[in-house]
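**Student:** Next up is a structure, given as structure tokens.
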Amino acid sequence: MMLKKTVLTLALSLGFVAAAGATTTDYGIITVGNSFGQANVQVAPGSFSDIYKFTIDTPLWSGGTASTINNALFYHIDVSGGVNTFSVVLHYGNGNVLFDLKNSPDSSLSSLTGSGVYAAGDYFFEVKGLATGTLGGQYNFGVNTAAVAVPEPETYAMLLAGLGLMGTIARRRKSKAA
């Protein structure tokens, strides 16, 4: 009898853990001009943590946003600013935190926005929060990419020539003063 209760308790607890909502999506290699993300992501009531993996093979600029879609009766994600509220964190490599959109100056509590230039490597976004609506919560998540501006060789040559000219002028002024 005790074994049946233990098995039933274990089965119920595993069911609640699975209902907590954790999905992983792998977008593979992202190149310049790619956009990726999910529209109207629906999560079950309770805590959730969704992972969006991708690899960058050449440096690029990227800008992204995640925003809640709240309907007071059915779908709601807590954005009160507490520990378990809506957040998006960009991780690099094996989990090093690179960027927390919650702390971005362009973000509000319900719309998290950020951008930057990123090197080649493996990344993942972690979108997490607390869905408190009757049916859970919904959010949108999207990322756009663009090429990083790389100066032409002539630009570097002009920079070096300008630095050489400034050095020559400084040396002449110093020799005249002596």
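Bear in mind these aren't lab numbers, they're just calculated from the coordinates by the rules spelled out. What you see is a predicted model; the values in this text were computed from it and never measured. As a convention, Cβ positions derive from the backbone with ideal geometry for all residues, glycine included, and neighbour counts pool all protein chains shown.
**Student:** Using modelled amide H (1.01 Å from N, peptide plane; none on Pro or chain starts), what sits under 5 Å from the amide H of Asn70, excluding residues fewer than 5 places away?
**Tutor:** Here the answer is none, since no amide H 5 or more places off falls under 5 Å of that of Asn70.
**Student:** By average Cβ neighbour count within 10 Å, what is the ranking of 109-115, 63-69 from highest down?
**Tutor:** 63-69, 109-115
**Student:** In segment 126-141, which residues have a backbone nitrogen under 19 Å from the label point lying 7 Å from Asn84's Cα in the Cα-to-Cβ direction?
**Tutor:** Counting only backbone N, you get 127-139.
**Student:** Using amide H atoms built in the peptide plane, which far-off residues or other-chain residues are under 5 Å from Gly136 H to H?
**Tutor:** Here His76 satisfy the definition.
**Student:** Report the convex hull volume per residue for segment 43-156, counting only C-alpha atoms, in Å³.
**Tutor:** Given the Cα convex hull of segment 43-156, per-residue volume reads 108 Å³.
**Student:** Once amide H atoms are built 1.01 Å from N in the peptide plane, which residues 5 or more positions from Ser107, or in another chain, come under 5 Å H to H?
**Tutor:** Under 5 Å from the amide H of Ser107: Thr113.
**Student:** Under 17 Å from a point placed 7 Å out from the Cα of Ser47 along the Cα-to-Cβ direction: which residues of segment 58-77 have their backbone N that close?
**Tutor:** 77
**Student:** Working from the pairwise distances between different alpha carbons, so that the mean of 1/r is found and then inverted, what is segment 119-178's Kirkwood radius in Å?
**Tutor:** 18.1 Å
**Student:** Kindly write out, for segment 133-142 in residue order, the coupling ³J(HN,Hα) from the Karplus curve 6.51 cos²θ - 1.76 cosθ + 1.60 (θ = phi - 60°), rounded to whole Hz, with x marking Gly and Pro.
**Tutor:** Running phi through 6.51 cos²θ - 1.76 cosθ + 1.60 with θ = phi - 60° gives x, 4, 9, x, x, 9, 8, 10, 9, x Hz.
**Student:** As I understand it, the dipole of segment 19-147 uses +1 on the Cβ of Lys and Arg and -1 on the Cβ of Asp and Glu, about the Cα centre. Which of Thr31, Leu130, Val88 lies farthest toward its positive end?
**Tutor:** With unit charges placed on the Cβ atoms, the residue in question is Leu130.
**Student:** Determine, from the Cβ-Cβ distance of Asn96 and Arg173 and an R0 of 30 Å, the FRET efficiency 1/(1 + (r/R0)^6), rounded to the nearest 0.05.
**Tutor:** Working: r = 48 Å, r/R0 = 1.59.
The calculated FRET efficiency here is 0.05.
**Student:** Of the listed peptides 44-53, 91-100, what is their order by residue-averaged count of other C-beta atoms within 10 Å, with the highest listed first?
**Tutor:** Peptide ranking by packing, descending: 44-53, 91-100.
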